[in-house]
Amino acid sequence: MNKQEFCTDLNIKHEIVSNKKRSILMFSWEYPPNVIGGLSRHVYGLSVHLAKLGHEVHIVTAGQKDLPTFEVENGVNVHRVTPINGQDENFLAWIGGLNQAMAFKAECLALEMKFDLIHAHDWLVGTAAIVIKDMLGIPLLTTIHATEYGRNNGIYNEIQRFIHEKEQQLIQRSDQLIVCSEYMKDSLFTIFKEKIKNISVIPNGVDHPADLLKVCDVFPKIAQRKYIFSIGRMVREKGFETIISAAEIAKEKGLDYYFVIAGKGPMLDHYRHQIAAKKLDAYVDFIGYITDDERNALLKECELVVIPSLYEPFGIVVLEGMILGKPTIVSKTGGLKKIVEHLHTGLLMVPGDPNSLLEQIEFLMNNPDQAKEIGRCGKEMAQDKYGWNRIAFETAKIMEDMI
């Protein structure tokens, strides 16, 4: 088949899939503007573009006091619920209450409309998804974004074992699985062995942001200096200790590097205390939670992007930097090493090694023309391979095959 015949065939398949409008019930514990990690942006990008294909998408997610319980945003029906025990400080108990509320809301929605398929995102919503699958007798598609085993490099305590078993249960009861990388596919086979059934690889996606703020308008202190940007949930597996160690070495060498790290999570205060204790305030700034617009502004005006994760099934923020043409350094681990081709679309560093990180930074800083070309190639690759239109179409095709 030549290129023209292939494109014609693809257009025909696209028309067939897009002409069959389906009603999709999606469960996700986070959804913008409630952003905890990359999962939220993934679900948002996918659901919006499924809606653009003509499908009716209903998201059931956790609510917040200042957010409406229902709204239609960019064609997506967003239903927010309050966990049964919303004030419980025990996370697993809170998740249990969230699933009860989600299942109840989905049951009420099913009295008013007919759903063709359920799409669940990770174990956090698995109980609700399984209950509604059994109640409505419709297929369950699950996207596994990460595993407890992978995050901790093993299962060591009762909480981890509980989550691991919930993941296993959801995988067993799902009719089809999606993972974001070949690395995650291999990981599932290794961790769960014979428990895996149908599994497809569809990557995360990215869109070029429309309107961008200026850093000087929102972070005037940061705008006064050239900076290296990183972002992620404040947990060990994101590898921010590597940046702190690199900053220590940079200080000793007299290198004027300034790292800006955004995100919230349980280790944020710990990292801030480390910076104060090591007197690295002029080198590292943990700025906490930022909005999507603030993130895009910081990405646009940074010198380069660093993603130093120890464990990363995919890493959507890598694409968010690339789409803006930024040279990007990532750990040679998980799904990251499949996105970045060293010295072509980005640079690879040894996970957890601050000297390796500094080596890549120094290369980009000392070779501005090559850094610019790496940024250009990364942007081109992100646009070609990871556009949300393409990813939504591939997901819709899997859904249609299931139905």
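Data overview
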quantity	calculated
FRET efficiency estimate (nearest 0.05) - Cβ-Cβ, ASP66 to LEU111, R0 35 angstrom	0.80
Spin-label pair ILE159/MET135, simplified geometry with 7 Å Cα→Cβ offset, distance in nm	2.9 nm
Partners for LYS197 among lysines (Cα-Cα distance below 16 Å; same-chain residues under 8 apart left out)	LYS185
The chain, relative contact order [Cα under 8 Å, separation at least 6], %	14 percent
Axial C-alpha extent at least 30 Å, average Kyte-Doolittle at least 0.5 - helices from the chain (DSSP)	91-112
Dipole of the chain, positive end: most advanced residue of LEU177, PHE192, ILE323 [Cβ charges, Cα centre]	PHE192
Highest-first arrangement of 357-368, 157-168, 309-320, where packing means the average Cβ count within 10 Å	309-320, 357-368, 157-168
Rounded accessible area per residue of the chain, 1.4 Å, Å²	45 Å²
Length added when fully stretched, GLU341-ASN90, from 0.36 nm per residue minus Cα-Cα	86.2 nm
For the stretch 238-269 versus the stretch 126-205, the gap between their alpha-carbon centres in whole angstrom	33 Å
Extension gain, LYS20 back to PHE363 (0.36 nm per residue minus Cα-Cα distance, nm)	118.4 nm
Cβ-based charge dipole, the chain, positive-most Cα from VAL131, ILE403, LEU109	ILE403
Gain in span if fully extended, VAL350 to LYS385, counting 0.36 nm per residue against the direct Cα distance	10.1 nm
Computed magnitude of the charge dipole of the stretch 291-403 (debye, nearest 20; Cβ of K, R +1, Cβ of D, E -1)	200 debye
Dipole magnitude of the stretch 228-269 about its Cα centre (Cβ charges: Lys, Arg +1; Asp, Glu -1), debye to nearest 20	160 debye
Peptides 22-34, 86-98 ordered by average Cβ neighbours within 10 Å, highest first	22-34, 86-98
Given (1) 1.05; (2) 1.30; (3) 1.00, the label whose value is Cα Rg over 2.2 N^0.38 Å derived from this model	(3)
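The values are calculated or read from the model by the stated rules, or taken from the named source; none is laboratory data. Please read all numbers here as calculations on a predicted model, not as lab measurements. Note that we place each Cβ from the backbone using ideal geometry, even for glycine, and neighbour counts take in every protein chain shown. All accessible areas refer to the heavy atoms of the entire protein, side chains included, with ligands and DNA or RNA removed. Shrake-Rupley method; radii C 1.70, N 1.55, O 1.52, S 1.80 Å.
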